[in-house]
Structures are given as C-alpha cells and as structure tokens.
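Peer 1: Below you'll find the structure I mean.
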Amino acid sequence: MEIFDTLTRTKRAFEPLVPNKVGFYHCGPTVYWNQHIGNMRAVALADFMRRSLDYLGYEVTFVRNYTDVGHLSGDNEGDADTGEDRMEKAARRENKSPEEIAEHYISVYEEDITKINTLFPTHTTKATDHIQEMIDMVQVLLDKGYAYQTDLAIYFDISKKDDYSKLSKQNLDELLSGAGHGDIADSDKKNAGDFSLWFFKAGAHANALQTWSNPFSETKGFPGWHIECSAMSKKYLGNTFDIHMGGIEHIPIHHTNEIAQSECANGKPFVNYWLHNEHLLVDNKKMSKSEGTSFLIADIEEKGFSPLDLRYFFLQAHYRSKQNFTWDALEASQNARIKLSQKVASFDNGGSISEMYKDEFKAALEDDFGTPEALAVVHKVLSSDLSDADKKATILDLDTVLGLKLVETQIEDASVDVTTLPINIQELWQEREQARANKDWTTSDEIRDKIADLGYEVKDESAGQVLYKK
C-alpha cells in the first residue's frame, strides 16, 4: 500500500508502527455552528480511508476530536491567536452557554454524519474533557525551554525548532520577523510567529466564559487551539502514531504547530503519514455563507435528495483533488446510486464473491485510497459476465468500504419523502389523495400531470401513491 505523505510530498509505502495495526487521528469540527457539505466531504473521505484500512486487514484505532473551547476566529486571516473564541461568539449569538452550544451542535453533527453513513470513531474526544492533559504538555514545554510566559499567554518559541516549517515549507526567517503575519497583540511575544499554548483571562480575553485553574498563574485561563489535538492524540494514540488527516487549510498553521509542540514535548517524531484533503467548491467557487452556498445536509434533504446521494458524489473524486458541487452533479449521482441500488436489489442472493474483482478493488484502495477507481470496479462488476448472484455478493462486499448501504436498499428506496418537499407539492399530493379516495380519476390524473411538471413522477402502488424524482 502507498500513501501520499504531505510532509515529504511523496507517495510512500505504508508501514504502520505496529504490524497490522493503525493509529489514525482525524481533525474534527469546532462545534459552534452547523457543518456544511464541505466538512461532510472531509468526514466521508476519512470514513472511506478508515473502512479501506479495515478491509485490507488492519486493526484501526480511529480518533476524532470536538473543539469546544480555544479556537479563535483569527485563523481565517492566517493568525490563529487573534479574534474571538468561536464558542463564546456562538453563545452570545444564541443566548446560550458555550456548553449548551457544544451539546447542540455535536448532536446535529452526529445526526448528519450518521445520515451519510460514516462509522463512529473508536474514540470521540472533547477538548474540555482533556484540560489536564493540555496543562501537562504545556508544563513540559515550559520546563524544556521551548515555551515562555507573558502576562497574557504562554507561547511556543518557534525559533527553538529548527525544522518548524518542514510541513508547510514556509520561510522560517520570515515567520520569525513577522513578514506576512497578522498584528501582534502581545508586545512581550519574542517572535511574531510564536503561537499560544495557553491564554490567561486577561487582555482581550479578560471576559472569557470558559476558563480553568492552572499551575502557571493565579489567573485562570484556557488552552490554545493547537495544543488540544496534540494532547488528545497523545492520550489515545501515543507519542507517535501512523496517520493524521485534516483539510489542506490546516497545513500552514494548525498542523505545523501541532508537530512543533508535540515533537518538542515528547522528544519523538509526531506522525508518520500526513494526509490532507482538498476543498469542495460550489459552482467552481469557494463556499460562502453570504452567497448562500454553504449548503448543509438539511438543504440536501429539502431538495429531495438522500444524504447517500451526496456520499456517492464524494466517492467520484480523489481526496487530494478539488471537487465541484452542483445540483446537476448531485442529481446525476442520485440517478446513478438509485440505478445501482435497484440493480443489486433485483439480483438473487446466494452468490460467491469474485476474488478477481476483489483484488482489483483492493489495488485501488492501496494506491493512496483511490475512491474513483474503487467505485469504477463496482460498475465493472455490473457489466461483467458473472452470474447475477455473484455480482450481488461481490458488490455488497465492496460496499462495506463504499458505505452506500446497498445491502439495506430496496427498489422502493428511490421514492421521495413527500414531507421533505416544498409545500406546493405536498398540497398537490394531498389533493390527489382525496381525489383517489373519491374515485375522481380525472382530477387524479390532472394533479399527477401537475406534479410531473414540477419534476416528480407519481406511481400508484399497492401501498398507495408513491413519489419518485424524475
């Protein structure tokens, strides 16, 4: 198996630290808001990787975190130590406590990732449950001389790590001098690029809502964003582990800082393979709340699509490639998934798995988690000369990785839940129900034609009228 490692910018043979076992950390969400479909793509791709490793015979310990404190808004401008704490900003927005915000958005997130059929992690970790582990790591960095304290915060001194920029490939001299860096809020910082390990309840954070007692000062404080992942990954995966995955936006700041503090605190290499997924675009543009293109799973369902249609769409592009979302592309994915589901459902049971196609499928997985190539094997099976029963057995085996839930899908799954559609279609549906009850077949047919003009086909089946997207 070969994996593209961002650190070396090469595709490397995969050799886990412990034979047949894999420690896998995936950067999770900051739970201050709903997660858009770009975030869902990252989750689905990480799930595909985890399923792939399972399928290839590895025992995977998969860890994903929830950031519920310490993630400031400045990282959007290239400085993760400035701006407001996102949890506190959300708390004011919704007139709730940060804890209530976290509980709500974790619940929504878990509902959404369940809908796209992702397996739950071996360990799900909340930052606020691991404050002591963070304090311990900060103390080690202070004791070793890699960190220093001011009245406002404790910082990591990037000048003490010669290879600080080995992941990002940035110029260390420029980072030290502050070229291209945001404003320095703390005049006692030694270098512009030094990043916060711990903030005190002082200065810009004098009114912080989430703070903890600590051994560094009589003033309470809270952890910086980066130290959270380092402390939690260490607890569940050890000082060094196999795979760390996140979005490409994490490379220059978040993951660079994780490496620096972890390697200096632990005295060992941090991660063997760094994986980064590219962004999802909408109509070839960056997703934007202001333009109404930061779509949610709820938006997908409101338009009559299944979240599994979205999962099928995600499988068609490699994780290191940008992918462009359009409603037409999602509809094409819906049609392809439904056709595949119907075909598999129509086949007889009792067949045998084709080892030839299974090997071809494994080869796609082993080549840097090739999702498009893996999905293509399924369609090769459909058009092969295997018996229908063998096709079904083989495809259902491959679907344990693809995660399209084909084993549970019946032909009627192509139908649409009317309650998710616009009110005008729901009203036509109810009017037609009444017309059929009155045996007014002329009106019933007229309403069916009106519904058809809106893009849906009505079929009268044994259980009643059933709606399908045309």
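The values are calculated or read from the model by the stated rules, or taken from the named source; none is laboratory data. Since the model is a prediction, treat every value here as computed from it, not as a measurement. Backbone-built Cβ (ideal geometry, glycine too); neighbour counts: all protein chains shown. Note: areas computed on protein heavy atoms with side chains; ligands, DNA, RNA excluded. Shrake-Rupley method; radii C 1.70, N 1.55, O 1.52, S 1.80 Å.
Peer 1: Going down the list Lys343/Lys391; Lys126/Lys268; Lys144/Lys201; Lys115/Lys303; Lys115/Lys358, which pairs span over 19 Å between their C-alpha atoms?
Peer 2: From Lys343/Lys391; Lys126/Lys268; Lys144/Lys201; Lys115/Lys303; Lys115/Lys358, over 19 Å: Lys126/Lys268; Lys144/Lys201; Lys115/Lys358.
Peer 1: What figure, in Å² to the nearest 10, do you get for the accessible area of Asp390 with a 1.4 Å probe and non-protein molecules left out?
Peer 2: Taking all protein chains as shown, Asp390 has close to 40 Å².
Peer 1: Go through Phe241, Ser107, Gln316 and say which Cα lies farthest out towards the positive end of the charge dipole of the chain; charges sit on Cβ, +1 for Lys and Arg, -1 for Asp and Glu.
Peer 2: So the residue furthest toward the plus end is Phe241.
Peer 1: Return the subset of Lys166/Lys220; Lys169/Lys190; Lys289/Lys380; Lys289/Lys322 for which the Cα-Cα distance in this structure is over 30 Å, preserving the input order.
Peer 2: Lys166/Lys220; Lys289/Lys380
Peer 1: On to the next question. Give me the extension gain from Asp348 to Thr211: residue separation times 0.36 nm, minus the current Cα-Cα distance, reported in nm with one decimal.
Peer 2: 43.3 nm is the gain from fully extending Asp348 to Thr211.
Peer 1: Using a ≥ b ≥ c from the Cα gyration tensor of region 95-166 (square roots of the eigenvalues), is it rounded, prolate or oblate, where a/c under 1.5 gives rounded and otherwise the larger of a/b and b/c decides, a/b for prolate?
Peer 2: prolate
Peer 1: With the dipole of region 256-339 worked out from charges on the C-beta (+1 for Lys and Arg, -1 for Asp and Glu) around the Cα centre, which of Gln261, Thr293, Trp327 lies farthest toward the positive end?
Peer 2: Gln261
Peer 1: Something else now. Go through 300-309, 285-294 and give me the packing order, highest mean Cβ count within 10 Å leading.
Peer 2: 300-309, 285-294
Peer 1: Taking 0.36 nm per residue of separation and subtracting the Cα-Cα distance, what length does fully extending Asp417 through Glu301 add?
Peer 2: Taking Asp417 through Glu301 to full extension adds about 40.8 nm, to one decimal.
Peer 1: So what is the relative contact order of region 30-115, in percent, for Cα pairs below 8 Å that sit 6 or more residues apart?
Peer 2: Reported relative contact order: 35 percent.
Peer 1: Could you tell me which of rounded, prolate or oblate describes region 39-97, using a ≥ b ≥ c as the square roots of the eigenvalues of the alpha-carbon gyration tensor, with rounded for a/c under 1.5 and, failing that, prolate when a/b is larger than b/c and oblate otherwise?
Peer 2: In terms of gyration-tensor shape, prolate.
Peer 1: For region 18-134, compute Rg over Rh where Rg is the Cα radius of gyration and Rh is the Kirkwood radius from the inverse mean 1/r over Cα pairs.
Peer 2: 1.01
Peer 1: At a probe radius of 1.4 Å, what is the per-residue accessible area of Trp327, in Å² to the nearest 10?
Peer 2: Roll a 1.4 Å probe over it and Trp327 shows about 70 Å².
Peer 1: Suppose every K and R has +1 on its Cβ and every D and E has -1 on its Cβ; what is the size of the dipole of the chain about the Cα centre, in Debye to the nearest 20?
Peer 2: Computed charge dipole of the chain: roughly 480 debye.
Peer 1: Let me know the whole percent of all Cα-Cα pairs from region 367-460 that are separated by more than 18 Å.
Peer 2: Summing the P(r) of region 367-460 above 18 Å gives 62 percent of all pairs.
Peer 1: Working with all protein chains in place, sort Ser346, Ser165 by solvent-accessible area computed with a 1.4 Å probe, largest first.
Peer 2: Heavy-atom accessible area, descending, gives Ser346, Ser165.
Peer 1: Kirkwood Rh, Cα Rg: Rg to Rh for the chain?
Peer 2: 1.04
Peer 1: Going by accessible area, probe 1.4 Å, with all protein chains left in place, what is the ranking of Glu457, Glu133, largest first?
Peer 2: Glu457, Glu133
Peer 1: So how compact is region 258-410: Cα radius of gyration and Dmax in angstrom?
Peer 2: Both quantities, over Cα of region 258-410: 19.0, 59 Å.
Peer 1: For region 151-266, what class follows from the C-alpha gyration tensor (a ≥ b ≥ c being the square roots of its eigenvalues): rounded when a/c is under 1.5, otherwise prolate if a/b is larger than b/c, else oblate?
Peer 2: oblate
Peer 1: Still on this structure, I have one more. Mind checking the full-extension length gain between Ala13 and Asn117? Use 0.36 nm per residue of separation minus the Cα-Cα distance, one decimal, nm.
Peer 2: 34.5 nm
Peer 1: Report, in whole Å, the centroid distance computed from the Cα atoms of region 198-267 and region 294-328.
Peer 2: 32 Å
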